[in-house]
1. Run the accessible area of the stretch 151-207 with a 1.4 Å probe and give the carbon-and-sulfur part as a rounded percent.
2. Please list, in order along the stretch 229-240, the HN-Hα scalar couplings obtained from phi with the Karplus expression 6.51 cos²θ - 1.76 cosθ + 1.60 (θ = phi - 60°), rounded to whole Hz, x for Gly and Pro.
3. Take the alpha carbon atoms of the chain, find their radius of gyration, then divide it by 2.2 N^0.38 Å using N residues; give the quotient.
4. For the stretch 263-286, list residues with backbone N below 15 Å from a point placed 7 Å from the Cα of Ile69 toward its Cβ?
5. Check Val337: other-chain or 5+ apart residues with amide H under 5 Å from its amide H, H built from backbone geometry?
6. Round to a whole number: what % of the accessible area of the stretch 230-374 belongs to carbon and sulfur, probe 1.4 Å?
7. Quickly work out the Asp347-to-Ala45 label distance, labels modelled 7 Å from Cα along the C-beta direction, and quote it in nm with one decimal.
8. Count charges around Leu87 for me, please; just the other residues with Cβ under 14 Å from its Cβ, Lys/Arg as +1, Asp/Glu as -1.
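The values are calculated or read from the model by the stated rules, or taken from the named source; none is laboratory data. Not measured: the values here are computed from a predicted model. Positions of Cβ are backbone-derived with ideal geometry, glycine not excepted, and every protein chain shown enters the neighbour counts. These area figures cover heavy atoms from the full protein model, side chains too; ligands, DNA and RNA do not enter into them. Shrake-Rupley method; radii C 1.70, N 1.55, O 1.52, S 1.80 Å.
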Amino acid sequence: MGCKVMETKPEVDISSKSMKKYNKGVRHLAENGISKVPKKYIFPASQRNNEKKDQLVPSLSGLNVKLPIIDFAELQGPNRLAVLDSLTKACEDYGFFQVINHGISTDTIREMIDVSRRFFQQPMEERSKFMTTDVRAPVRYGTSFNQSQDSVFCWRDFLKLNCHSMDESLPHWPTSPSDFRDSIFEYAKENRFLFLKIMEAITESLGIVPKTTGNDNNDALKDFVSKEFEDGSHMMVVNCYPSCPQPDLTLGMPPHSDYGFLTLLLQDEVEGLQIQHEGQWLTVEPIPNSFVVNVGDHLEIFSNGRYKSVLHRVLVNAIKSRTSVASLHSMPIMNMVRPSPTLINEDNPRRYLDTNFATFLDFITTCELKEKNFLDSRKC
């Protein structure tokens, strides 16, 4: 079967006078006091949270979901096989799960949320030092989803930090607030370690590494994950969703999937994340000091479709701002991601083309990301 070719769309003229005021972000709009959502942020009625489309849109206060819980401490102990079974079901049925008892201290988590909030609370002059539409920049402050391509802007500002090689990345990071770099560095280091341990469990659940006995099996898993991911890509995205005067007209983020292997999401106590499950949008209930983990497009490709990336979106509200920190992990940037040969056979033929990070960057500079259209472009 031939590959699907995605149509490109003309790039939005972000230099136009009408666009400049929006490119400063929704935090800037909120600081200047607005009582109505500008037209640029109003989604079509069929895509809004308060409109029905194929029964996929309950309200934020409607259907909630408690995602499957993976106890990381249990995963490291004698109950590992039972936890692996739960992990497999979570990846197959939801594409999402929540990790508790993960070993990252409460202080580290609290400091990460706190310094993230304080970054966005700084004057526009300080935040704008890192404003760019260059998707390849090591540090990028921006707004919406992809402001160079978005036909409708979403109610979100972000700070993206390249954490692939921290020694090279850190000099580019903001120095204000004064504790920003130290807090980010410590959090990123521990987040990466957690990702690698979860990937060992994911690899084992897929049967990628032949089973052996005792420590030999553990060593084989560690060696495989270390080889594939030790120098892998790590993009941290700090998100700010200010309170919105008309939240039913817009979205914090539109329906989408994540491009990497796994995303580890840290969020504050404010609800907003929704996942699509069995034809409905379900609001994820935040659990203090936990991580929401979701399957990314690369893991769907690597598992040859066994574990699927799932559409999710973000709602906003009129009362509280929301802060989240998404850590997107994958293989090294230059590596090709392809279905594991062990998961391809006559009954389950290869379903995806090879891809890499450069392919994704080329895609988002020419196309507006919608739902899973990048992954669709990689299907055979």
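1. Details: 970 of 1960 Å².
Of all accessible area on the stretch 151-207, carbon and sulfur atoms account for 49 percent.
2. Result, ordered by residue: 10, 4, 9, x, 6, 8, 10, 9, 10, 8, 10, 10 Hz.
3. On the way: Rg = 20.3 Å, N = 380, 2.2 N^0.38 = 21.0 Å.
Expressed relative to 2.2 N^0.38 Å, the Cα Rg reads 0.97.
4. Correct set: 285-286.
5. Answer set, sorted by chain and number: Thr355, Asn356.
6. Numbers: 2540 of 4890 Å².
Reported share for carbon and sulfur atoms: 52 percent.
7. So the two model labels end up 4.9 nm from each other.
8. Working: positive: Arg80, Lys89, Lys197, Arg306; negative: Asp71, Glu74, Asp85, Glu92, Asp93, Glu200, Glu204.
Result for the neighbourhood of Leu87: -3.
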